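The values are calculated or read from the model by the stated rules, or taken from the named source; none is laboratory data. None of these values were measured; they are calculated from a predicted model. Cβ: placed from backbone, ideal geometry, glycine included. Neighbour counts: every protein chain shown. Side chains included, ligands, DNA and RNA excluded: accessible areas come from the protein's heavy atoms. Shrake-Rupley method; radii C 1.70, N 1.55, O 1.52, S 1.80 Å.
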Amino acid sequence: MLSHFRKKYYGWLSYAFASEVFVIVSLTLFMPICLEQFARDNGYLVPDKTERCSSDVSRLDNDMTPGRCVVKIGWFWVDSASFSLYVFSASVLLQALTVISVGGIADHPPHRKILLLTCAWAGALAATFFLPLSSNSPLWFLSALLAVIANVGFGTSVVAMNAYLPSLAKESPDVVKAYAMYRNAEESASILGNEPDDNDNEMSDQPLMHNTTTDEVYVLKSQYETELSRTTSRISSFGIALGYGAGIFLLFVALIPVTMMKGATFSLRLAISLSGIWWAVFSIPALIWLPSGRNTSSVDDEDAIWVDAETVATGKWSLWKEVIAAWKRLGGMLQWNEIKRLRNTFKFLAAWFLLSDAFTTITGTAILFAKTVLNMQSSSLILIGIIVPSSGILGSLFWPRVQQRYGWSNQRVLLILLMLASLVPAYGCLGFIGVFRGRFGGLTTKGEMFGLAIYFGFVLGAFNGYARAFYAEFLPPGEEARWYGLFSITDKSSSFIGPLIVGLISDLTGNIRYAFFFLVVMIWAAIPILKSVDVERGRRDAQSYKYSSVNGTA
């Protein structure tokens with residue numbers, strides 16, 4: 001019979017296995033291509049805007065440069081490549097509003113699981129409905145609505161999923177053992193009158209003969225925090241690797257119809273639909289194994305859980321009150337005095353605002369760049385979609401081993417990964433140098449795109465796992481979902497800025513390559529902010545944090 005920890009662990013991993021497929025197969029690959037194809041099938045070639053873009057498809061088969069395609073949305077003509085970027089920007093903006101509204105709900109353990117599964121199945125259903133919607137239908141524009149619902153459902157469910165991570169790491173047998181040793185030593189020190197001050201890193205001025213037990217307490221506390229940090233990173237990274245593996249498998253399955261149908265729109269819709277079905281079916285183990293909340297236990301958040309259970313038992317909990325309270329609480333959390341109390345948490349969020357936007361935009365921009373500039377076929381784009389997560393699995397498993405071997409902190413690993421990631425858009429900027437035009441170098445050939453896919457995937461897989469785990473170190477106990485809501489807002493929900501700017505760059509210049517300069521700046525602007533985060537101070541501030549806004553909720 002599975003233990004409580006094993007059930008919770010397997011339930012959490014099962015949802016990572018289910019949901020990450022949607023990201024890999026649809027969100028970063030087929031959905032941008034499919035939305036662009038929907039727009040192209042209903043668009044016209046410039047400058048006359050009289051000839052349908054679909055009549056220009058033969059140029060791709062002959063390796064000729066296709067004409068620029070625009071589609072009329074309302075009163076405006078929009079580039080077919082920009083259409084998918086605008087849809088994604090709208091979806092993540094709505095996702096931000098939703099995530100803020102449900103942050104308090106996800107912090108109620110009895111409702112966290114319900115929220116996760118409801119949003120998951122809503123998003124999965126929207127993705128599945130791509131299959132019956134034809135690009136030739138007069139209702140083709142509903143593809144944008146389905147994309148928005150799927151993305152909002154995914155982002156909201158991930159907030160609830162991430163809220164399980166801190167307590168999951170604390171309930172790991174190795175962490176529980178390290179915590180027990182630390183607490184026993186602390187109690188012994190207290191009996192001897194040498195209780196350490198958790199809010200002060202300075203050693204006591206007492207003579208060495210009276211300070212031995214206190215020294216041991218500090219050592220054991222450091223070992224516990226190190227074990228908790230590494231366990232959080234290991235669980236997070238393994239969840240990423242498992243999800244990538246599932247995504248790769250489904251990409252291979254999708255490659256069959258896409259190849260046989262030569263990238264027809266129906267095959268792209270089928271791939272998105274398959275990801276929705278996978279997402280829905282493999283969320284069922286999460287329904288079975290994830291705790292409902294009342295029997296959840298962890299090292300630090302028992303009080304918060306009992307408060308939630310009491311609220312539900314007395315019937316005082318209200319959905320609409322929680323939504324209103326969530327917005328009030330957000331205003332309180334963003335007050336300057338609250339930001340100063342958790343300054344290191346907000347420093348990380350400031351860096352994450354830039355980094356998440358940059359990484360998300362790099363992925364989407366690269367796919368559109370490969371399709372519209374390098375004229376790569378759908379089968380080649382699928383292969384890139386397979387290479388990136390495959391390399392990501394290796395990266396997510398490789399970097400924790402390197403970290404353990406050299407004793408690096410999560411912060412140092414993240415800084416190294418960022419410097420490596422910035423080389424990707426920087427390499428694309430080299431394409432403006434005349435010596436590379438028409439030759440190898442500067443991302444001017446299809447072969448280079450495959451090489452960069454391997455390199456970027458190796459960095460991306462580790463980066464996602466470490467960023468989520470590093471942020472977990474700065475979360476106030478019992479408020480994980482609320483703070484992971486902010487994390488989500490500055491993750492995919494803040495990423496409407498990058499695609500929006502890239503879309504504008506593409507529309508104004510007619511060359512999406514100029515966006516690479518923008519992406520380099522975004523990454524390098526975040527590095528000094530991330531480097532300034534004081535990890536030890538951030539942990540202490542989070543552990544002692546109590547929300548004090550008069551109008552907020554405790």
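So the values come out like this:
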quantity: Scope the stretch 340-353; condition of a type in the set (A, V, I, L, M), open to solvent by less than 40 Å² (accessible area, probe 1.4 Å) and not in a loop (DSSP other than H, G, I, E, B); matching residues; calculated: Leu349, Ala351
quantity: Selection count where residues are open to solvent by less than 10 Å² (accessible area, probe 1.4 Å) and assigned to a helix (DSSP H, G or I), scope the stretch 251-283; calculated: 11
quantity: Where Leu418 falls short, out of the listed (1) in a helix (DSSP H, G or I); (2) open to solvent by 10 Å² or more (accessible area, probe 1.4 Å); (3) over 27 Å from Gln377 (Cβ atoms); calculated: (2)
quantity: Test for Tyr15: is it more than 16 Å from Gly392 (Cβ to Cβ) and open to solvent by 10 Å² or more (accessible area, probe 1.4 Å); calculated: no
quantity: Given (1) part of a helix (DSSP H, G or I); (2) open to solvent by less than 10 Å² (accessible area, probe 1.4 Å); (3) in contact with a Leu (Cβ under 7 Å, 6 or more places away or on another chain), number of the condition Ala150 does not satisfy; calculated: (3)
quantity: Answer from Glu473, Glu479 - the residue that is within 18 Å of the chain's Cα centre (by Cα) and open to solvent by 20 Å² or more (accessible area, probe 1.4 Å); calculated: Glu473
quantity: Tally, over the stretch 512-554, of residues that are out of contact with any Ser or Thr (no Cβ under 9 Å at 6 or more places or on another chain), at pLDDT below 90, open to solvent by 30 Å² or more (accessible area, probe 1.4 Å) and under 17 Å from Glu338 (Cβ atoms); calculated: 8
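One line per residue, one yes/no per condition, for (1) of a type in the set (A, V, I, L, M); (2) at pLDDT 85 or above; (3) open to solvent by less than 40 Å² (accessible area, probe 1.4 Å):
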{"position": "Glu310", "(1), (2), (3)": "no, no, no"}
{"position": "Thr314", "(1), (2), (3)": "no, no, no"}
{"position": "Glu322", "(1), (2), (3)": "no, no, yes"}
{"position": "Trp327", "(1), (2), (3)": "no, no, no"}
{"position": "Leu330", "(1), (2), (3)": "yes, no, yes"}
{"position": "Glu338", "(1), (2), (3)": "no, no, yes"}
{"position": "Thr361", "(1), (2), (3)": "no, no, yes"}
